[in-house]
Structure formats: C-alpha cells, structure tokens
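A.B. asks: A single structure is presented below for examination.
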Amino acid sequence: MFRDMTIMLILGILLGGCVMNIINNNRGVIVFPYSFLKDNLNFAPQNYIDEEQILIYNDSFVVKGLNNISKIGVAGTGSMRPVIHKNHTIIYKKHPRIDDLKIGDMLMFNNYEGTNILHRVIEMGIDKNGWYVKTKGDSNNVNDIDIIRQKDINGVVVGIIY
C-alpha cells in the first residue's frame, strides 16, 4: 500500500497533475490538462518578460519595461488547473496587439454573455468576419464555443503570482 502511494505521488509530481485527473475520472481514461502532451503541439505561452527586466529586492520585486499592465484576482472555476487556481493573482497586459498574440497565450476576454474569462489560445485565424481566436480552459474536456474577436480581448497574461 505504501509503495503504491509513493509511486502515485512520484507520478503526480512528474506528470504535473495528470494523476489527479486519472483518479477523478470515472471512465479510467487519462485526461491530460495540456494539449502539448498529445498531437506533438506546443501550447506553452510565449515569454513577455525577459529576465533582465526583473529587479528583486529584499521586500519586493519590480518588472521594468512593461506598459499598460494591470492585475486581477482569479475567481476560481477550476478551468485553468493545474496552472491557475482560485485566489492566484494574474498580471496582464491590457488590450494587446493581435500581432503579438500566439497559440498558447492565456487571454482574458468577454464571452458571448459578457463574462470575463481566462483561457488559453488554441487556434488563431481569419474568417469572413476578420481575425479571431478560439480558446480552451486547460482542464476542460471541450473547446470554448465562443469565437473571440479583438474587441472581446481584455488582456494577455504576462505573469502569475502564486
């Protein structure tokens, strides 16, 4: 029993939360929270902050050179677990240029109901109505139904304070 628990703990650390999804899945199917674990696609966000921009002091830190930055606390629906949990603080760049966005970035946007959502970009394109992105919560089993336009985007995540 102890050996099995140890193996599960090690697997949990190595797989970054996948074990919890195995345990909680009634069908016994492994549900990976990150799309890059399948289809050989990389959905990691891009780096918006270079190491040289971060100044660390005894009682604080400063990120230099970022404009139009804000912060918000996460309400915590669980859709972005294991990366983001309730009460984490998100640092975001307000109204980013669409040319700067990449697949894998985490966006804050208004959905069709006007609710502010934080999900990851999984697709970008242009259709008859112009530029768009599609998103998905990391722990959600399905993609979001919304097609997000530039006017819907409130910000792109540049940092998470745990």
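The values are calculated or read from the model by the stated rules, or taken from the named source; none is laboratory data. Since the model is a prediction, treat every value here as computed from it, not as a measurement. Virtual Cβ from ideal backbone geometry, glycine too; neighbours counted across all protein chains shown.
A.B. asks: Against the condition within 19 Å of residue 44 (Cβ to Cβ), without any contact (Cβ under 8 Å) to a residue 24 or more places away in the chain and assigned to a loop (DSSP other than H, G, I, E, B), how does residue 143 come out, does it pass?
C.D. replies: Taking the combined requirement at face value, the residue satisfies it.
A.B. asks: Being buried (at least 17 other Cβ atoms within 10 Å of the Cβ), more than 28 Å from residue 54 (Cα to Cα), touching a strand residue (DSSP E or B) at 6+ places or on another chain (Cβ under 6 Å) and not charged (D, E, K, R) is the requirement here; does residue 155 meet it?
C.D. replies: Judged against the criteria, residue 155 is not a match.
A.B. asks: Out of all the residues in the stretch 117-140, which are part of a strand (DSSP E or B), out of contact with any Asp or Glu (no Cβ under 7 Å at 6 or more places or on another chain) and touching a residue at least 40 places away in the same chain (Cβ under 8 Å)?
C.D. replies: 118, 122, listed by residue number.
A.B. asks: Just to check your reading of the model, which residue among 56, 90 is hydrophobic (A, V, I, L, M, F, W, C), modelled with pLDDT of 90 or more, assigned by TED's automatic domain parsing to the domain that holds residue 134 and surrounded by 12 or more Cβ atoms within 10 Å (Cβ to Cβ)?
C.D. replies: After ruling out the rest, the residue left standing is 90.
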